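Below: one structure, written as structure tokens.
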Amino acid sequence: MNAQPVGVPSRNDIVSAAGRIRDVVRRTPVMHVAAGELGLPVPVTLKLEFLQHTGSFKVRGASNAVAFLRSSERGAPTGGVCCASGGNHGAAVAWAARRANLPATVFVPGFSPRAKTDVIESLGARLRRVEGFYSDALAAGQDHARRTGAFHIDAYDDPRTVAGQGTLGLELAEQIPEGQPVLVGCGGGGLYAGVALALEGRNRVIAAEPSSAPSLTAALAAGEPVDVEVGGIALDSLGARRAGRIATAVGLSHRMRTLTVTDEDIAAARTLLWQRLRIVAEPGGATPLAALLAHPEHFPDGATVVVSGANTAPSGIGS
């Protein structure tokens, strides 16, 4: 098993990641929504990251980790690559591994939706369902890596993954005005950490979490990652029991406060995206907009919202 380094990547690491995956990932567009269109008196910019390969931002981090592995290892790892995932990271690892001609094994909790596991299997990865939560799938994936020699690609606590996610922030620096706040959904916190590091000193980045899975909120209050109870409609994408060490370190150093929203807030934001803009977002992808709608007092001049994923069944959204 290859040891996983844990440390906060630098902005230079993010710039290097952008060069490494420039010809691999899509540069996703932004949509400018006028004041009033989403029921808010301020304009909103949507970063349409759900248009990324496999339907979520996770391809950025997975592709950087695989590219870094191939450039630094002597030959491919004996057991290929593996990971634990609620679904999106697994699809991203499967996609990146297929491009690199590496076998991939993905461990998911039993509740992961078919809309996500079908994508993983269609990309040629071996899917392993594990009873319990993401933490149980993570333990199974790490055990598999130890037994087989596979390289474990962590979803949010490897600086290579976080640096890859941070490339989204570099794109935003070219797409939105300086000073405009950016809202991102947070589970383990890899996207939050990467984007906050990429935009440090230019744009404030706020993490939005379901109140039913407040892992980063609890970590910042405690000063370190702690276990929380998780549940709710965004469990498959934002259901980490414990926030990542990298995201916690970044949040503490930036003195960041999270915004939490209810399942009802998230469902309403998904419905609004569909009814007003015909955007189909999964619950985790709609959580940042839910935070903007539920806490407009924090954004008197508007905000940028990252719609990070769309791996969901359209039938689950209000008509």
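The values are calculated or read from the model by the stated rules, or taken from the named source; none is laboratory data. Just so you know, these numbers come straight off a predicted model, no measurement behind them. Virtual Cβ from ideal backbone geometry, glycine too; neighbours counted across all protein chains shown. In case anyone asks, the SASA skips ligands and DNA or RNA and just uses the protein heavy atoms, side chains included. Shrake-Rupley method; radii C 1.70, N 1.55, O 1.52, S 1.80 Å.
Laid out as a table, the results:
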quantity	calculated
Whole-Hz couplings from phi, Karplus 6.51/-1.76/1.60, listed for region 208-219; x for Gly and Pro	9, 10, x, 5, 8, 8, x, 5, 6, 4, 5, 5
Fraction of antiparallel bridges per DSSP, the chain only, in percent to nearest 5	15 percent
Potential extension, Phe111-Arg257 segment - 0.36 nm per residue separation minus Cα distance	49.6 nm
Extended-chain gain in nm, criterion 0.36 nm per residue less alpha-carbon gap, Asn101 and Arg22	26.5 nm
Anisotropy class of region 1-140 from Cα gyration tensor, a/c 1.5 cut	oblate
Contour minus Cα-Cα distance for Ala221 and Leu127 (0.36 nm per residue)	30.3 nm
Contact order relative to length of region 96-162, as percent, for alpha carbon pairs under 8 angstrom and 6 or more apart	27 percent
Per residue accessible area in Å² of the chain, where ligands, DNA and RNA are left out and the probe is 1.4 Å	39 Å²
Separation of alpha-carbon centers, region 228-267 and region 118-132, rounded to whole Å	24 Å
Sparsely packed GluC sites (Glu not before Pro) within region 220-307, loop by DSSP, other Cβ within 10 Å at most 15	Glu229
Computed over the chain: relative contact order in percent, which uses C-alpha pairs under 8 Å that are six or more apart	20 percent
Sequence-distant residues sharing a close amide H with Ala303 (under 5 Å, placed H)	Thr45
Percent carbon-and-sulfur accessible area, region 187-319, ignoring ligands, DNA and RNA, probe 1.4 Å	48 percent
Value at 222 nm in deg cm²/dmol, rounded to 500, when DSSP H runs of n ≥ 4 in the chain each add -39,500 (n - 2.57)	-13000 deg cm²/dmol
Cα-based shape type of region 116-227, given that a ≥ b ≥ c are square roots of the gyration tensor eigenvalues and the cut on a/c is 1.5	prolate
Pairwise label distance in nanometres, His295 with Arg70, each label 7 Å out on the Cα-Cβ vector	4.0 nm
Under 5 Å, built H, 5+ apart or other chain: amide partners of Ala240	Gly188
Charge dipole of region 185-292 about the Cα centre (unit charges at C-beta), most positive-ward option of Gln275, Leu197, Ala290	Leu197
Rounded percent of accessible protein surface that carbon and sulfur make up, region 86-143, 1.4 Å probe	47 percent
